[in-house]
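Chemist: My questions all concern the structure below.
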């Protein structure tokens with residue numbers, strides 16, 4: 001004990017004194033005459049204590065004994081004790097032990113700095129170095145690299161520069177290892193200019209130096225410079241190592257140069273580094289990035305010993321290119337090969353289990369994770385929660401989430417996004433609030449998920465609250481979070497708020513501009529989106545692929561084709577013409593603008609046609625009413641080996657001509673899709689409703705989620721479409737009984753049902769419900785109400801609603817004009833049409849149809865001619881079939897048959913049967929056999945010609961006394977299997 005009392009207490013730190021007191025019994029139980037020898041202590045240090053033994057208490061006792069015996073001043077024991085404390089994760093004890101050393105040497109300093117650096121305690125390295133400098137001790141070329149490495153790891157460039165000054169002052173600025181450390185530090189802290197200067201000053205540049213420069217360029221996004229540095233390295237005669245090639249290969253992925261990647265593959269073979277543990281997996285990842293899975297798989301199969309990193313690379317390659325089945329298949333092979341998976345394996349394969357939409361795969365991977373003890377890792381648990389949520393197994397996701405007592409932020413984020421993916425946005429917000437209440441501070445990812453929930457639900461109130469929280473907690477400096485807010489306001493139809501926020505942003509990136517350009521394009525403001533595009537260029541922000549897709553997607557009107565074509569030229573000039581996604585956007589643009597020939601040429605030019613390419617062209621043909629071409633494309637798509645998706649079938653179901661055809665497409669969906677999406681089910685319901693197969697509609701409704709208002713809206717719409725108005729209203733009552741909250745679409749369907757019935761009493765009940773629920777603020781609902789009251793016979797209420805509406809849009813004016821038209825007051829409709837233009841509103845094609853229809857009902861031929869002419873010359877509206885139909889109907893009713901027939905002959909497209917039947921009926925009424933016969937022949941040429949056309953033409957011949965011609969027409973009708981539709985008398989019991 002004399003040794004203990006002989007030590008000066010000020011020499012011992014408080015932590016060491018605590019250890020002495022705590023372990024006092026350890027050395028007092030031994031006889032003072034039997035103190036351990038140096039050999040005993042050495043053996044204990046080197047054999048009994050190691051990082052995997054968890055012998056911290058034993059180390060503490062040994063430390064105390066070293067102090068008691070005086071051996072603590074031995075350099076050997078100091079070094080070993082420091083190493084042990086560092087390996088046990090006790091850096092404070094390392095610092096304390098070193099600072100209390102009687103004679104701290106530079107050698108011991110370097111040993112301590114290395115121990116701390118090796119175990120990642122970089123801040124403690126800098127702490128020790130600062131203490132060393134304050135003591136005016138010197139450093140050498142062994143100290144500086146570890147200190148500089150710590151500056152790089154912590155991102156403290158300022159301190160790194162200070163160390164650099166000391167390096168130059170002490171004369172170690174020319175040492176290659178120190179210079180390489182400085183080069184690496186500047187590169188990792190984002191100062192490639194300084195890194196280049198250090199590199200240029202190096203007299204001896206070895207492979208490590210070149211690797212540091214190449215990695216620095218890559219880290220800072222200077223891909224061309226990285227390639228150039230690599231070429232220069234080869235030019236000076238240095239052969240690349242595995243680490244060099246592993247650093248350069250990601251550049252090929254970034255810049256999209258597969259040929260360069262193949263060249264580097266050749267280098268790896270030539271340099272003999274292909275067998276390196278990391279080399280082959282990196283090459284597999286590179287080939288996977290370019291979707292060259294054959295090359296990736298060949299490399300994988302050539303490996304004699306497949307370690308876990310290689311298995312992970314192959315699984316990840318398949319997962320990234322959308323081959324979840326193959327990814328799970330490789331995982332199965334890995335499991336059979338007895339290769340133990342690691343955390344990366346599970347995190348890589350679990351998303352593929354989601355994409356397969358098969359819970360069995362996910363559960364199997366989960367079981368393997370439990371077997372190998374990997375399910376206690378936060379990353380794995382979070383991946384499992386996400387997987388179960390995506391598979392719709394929310395109970396399992398919640399169970400896993402609740403089973404973790406100490407929930408990490410990553411796990412909270414997974415649960416928030418899980419609810420979001422399942423469409424339960426309100427639960428996402430609830431769990432976010434719960435997370436805040438438990439004291440877990442969110443990060444940018446949390447905020448982006450919450451913003452997405454507000455965006456999907458279009459919950460502007462929650463969005464505003466989230467925006468306030470973001471500002472209050474300093475997230476407004478994160479450009480990704482603000483971009484999320486821009487998108488949210490745009491989705492909530494608050495583009496003004498989005499623009500205001502955009503102009504307040506301190507830092508914007510290309511995504512910020514893309515959100516605004518896309519938002520303006522979606523509301524049809526192509527001029528605004530182009531203005532932003534030009535402003536973006538003026539501010540020096542380079543557009544990307546998404547920018548071009550966003551702006552091109554906004555061109556969807558016939559008159560916008562001339563504006564869109566220059567952007568097509570820009571695509572070619574920018575080198576993006578080979579991109580499939582962008583070409584798909586161009587196909588959609590040409591199709592929407594009515595130029596199907598250009599769309600077809602672009603489609604044919606694609607080397608790799610994706611399912612989106614087929615869908616884009618099919619949608620264009622469908623919108624142009626070229627239904628046969630759509631069906632032909634569908635057959636070609638299947639023959640070409642391209643698997644249709646739900647969007648493909650959504651193009652097909654609405655254009656089915658026969659009931660059997662619709663059933664065939666439905667059967668195809670059942671055979672090929674394990675899960676039928678809601679949109680596909682609702683579209684199938686609408687298809688069956690057209691063929692009056694309400695039994696199938698009801699069966700499909702039972703497969704839909706009854707908690708979703710869209711399901712009920714579809715059922716109501718189906719009943720309305722098939723004229724089962726009472727059932728539609730009953731359906732509305734059912735959803736209210738179940739506690740469902742109707743949305744604006746529900747109300748619009750209900751109002752339409754009332755319009756068909758024409759019941760003023762029901763109309764008043766619906767109006768009361770609308771006011772009570774607050775839907776009277778919705779302009780679409782008000783427009784529907786005006787139309788409803790007009791069709792229910794109360795033009796006075798319709799006019800009153802119109803007059804009390806403040807924010808009238810073009811549709812509001814069109815509806816009231818049509819209302820007066822159907823009530824036969826064409827002059828009032830014309831007066832409203834004039835007032836609309838005086839109010840500064842430009843009529844659209846629907847408004848023109850309404851006013852022309854009003855003129856037709858009132859026989860106002862002269863006025864209709866002026867409007868039809870001004871439509872083309874003044875308003876630049878290209879007439880559609882409906883406009884021509886209104887004019888032909890009006891001219892036919894008023895006896896201007898020659899003018900009506902001349903209009904039909906000058907049609908820019910093939911006339912529809914309803915338009916021809918309208919004029920044929922007028923010919924019968926006015927006894928014009930010549931024009932009637934010409935129109936009749938045109939009608940009989942149409943495949944969609946009905947029995948009414950034959951009957952009317954037969955009657956025209958009969959009135960003119962041409963009985964043989966009349967009989968011939970009747971005979972042709974019978975030969976084609978057409979029968980005269982019987983008349984129906986409707987008696988309404990009031």
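Here, each number is a calculation from the coordinates, and none is a lab measurement. Quick caveat: nothing in here was measured; it's all calculated off a predicted structure. Methodologically, a virtual Cβ is constructed for each residue, glycine included, from the backbone with ideal geometry; neighbour enumeration extends over all protein chains shown.
Chemist: In whole percent, what relative contact order does the stretch 275-401 give with Cα contacts below 8 Å and a gap of six or more residues?
Modeler: Relative contact order comes out at 18 percent.
Chemist: Continuing with this model, one more query. Stretch residue 831-residue 235 to full length: gain in nm at 0.36 nm per residue minus the Cα-Cα span?
Modeler: In short, 206.2 nm is gained.
Chemist: What percent does the relative contact order of the chain come to when contacts are Cα pairs within less than 8 Å and at least six residues apart?
Modeler: Result for the chain is 2 percent.
Chemist: Can you give the FRET efficiency for residue 510 and residue 800, using 1/(1 + (r/R0)^6), R0 = 41 Å, r = Cβ-Cβ distance, to the nearest 0.05?
Modeler: In this case the efficiency is close to 0.20.
Chemist: Can I ask one more? Expressed in nm to one decimal, what extension gain is obtained for the pair residue 737 and residue 772 from 0.36 nm per residue of sequence separation less their Cα-Cα distance?
Modeler: Separation in residues times 0.36 nm, less the Cα-Cα distance, equals 10.9 nm.
Chemist: Grab the Cα-Cα distance for residue 675 and residue 336, subtract it from 0.36 nm times how many residues apart they are, and report the gain in nm with one decimal.
Modeler: Fully extending the segment from residue 675 to residue 336 adds 119.0 nm.
Chemist: Let me ask another. Using Cα atoms only, what is the angle between the long axis of helix 75-87 and the major principal axis of the chain, expressed in degrees (0 to 90) to the nearest 10?
Modeler: For 75-87 against the chain, the angle is about 20 degrees.
Chemist: Let me ask another. Rounded, prolate or oblate, given the Cα gyration tensor of the stretch 399-454, with a/c below 1.5 counting as rounded?
Modeler: oblate
Chemist: A further question follows. For semi-axes √(5λ) of the Cα gyration tensor in Å, pick the label among [x] 76, 32, 29; [y] 59, 34, 26; [z] 62, 38, 26 that corresponds to the value derived from the coordinates.
Modeler: [x]
Chemist: What FRET efficiency do you get for residue 570 and residue 522 if R0 is 30 Å and r is their Cβ-Cβ distance, rounded to the nearest 0.05?
Modeler: The formula returns an efficiency of 0.90 here.
Chemist: Distance between the C-alpha centers of the stretch 401-473 and the stretch 591-624? Whole Å please.
Modeler: Cα centroid to Cα centroid, the span is 40 Å.
Chemist: Rank by packing, highest mean first: peptides 125-136, 414-425, 482-493, with packing defined as the count of other Cβ atoms within 10 Å averaged across residues.
Modeler: The packing order, highest mean first, is 482-493, 414-425, 125-136.
Chemist: Follow-up question, since we're still on this one. How many angstrom lie between the C-alpha centres of the stretch 839-865 and the stretch 279-343?
Modeler: The two parts, judged by their Cα centres, are 66 Å apart.
Chemist: Under the rule of -39500 (n - 2.57) per DSSP H run of 4 or more residues, summed and divided by the residues of the chain, what mean residue ellipticity at 222 nm is obtained, to the nearest 500 deg cm²/dmol?
Modeler: Counting only the DSSP helices, I get -22000 deg cm²/dmol.
Chemist: Does the stretch 94-197 classify as rounded, prolate or oblate by the C-alpha gyration tensor (a ≥ b ≥ c root eigenvalues; a/c under 1.5 gives rounded; else a/b over b/c gives prolate, otherwise oblate)?
Modeler: Note, shape of the stretch 94-197 comes out prolate.
Chemist: Determine the shape class of the stretch 475-543: with a ≥ b ≥ c the square roots of the Cα gyration tensor eigenvalues, call it rounded for a/c under 1.5, and otherwise prolate if a/b is greater than b/c, oblate otherwise.
Modeler: oblate
Chemist: In whole angstrom, how far apart do the alpha carbon centroids of the stretch 652-730 and the stretch 539-558 sit?
Modeler: Here the two parts' Cα centres lie 36 Å apart.
Chemist: If one takes the longest principal axis of the Cα atoms in the chain, at what angle in degrees, from 0 to 90 and to the nearest 10, does the Cα axis of helix 343-355 lie?
Modeler: Taking Cα atoms only, the helix is inclined about 10 degrees.
Chemist: Related question: Compute the long axis of helix 627-639 from its Cα atoms, compare it with the longest principal axis of the Cα atoms of the chain, and write down the angle in degrees, 0 to 90, nearest 10.
Modeler: Its long axis makes an angle of about 40 degrees.
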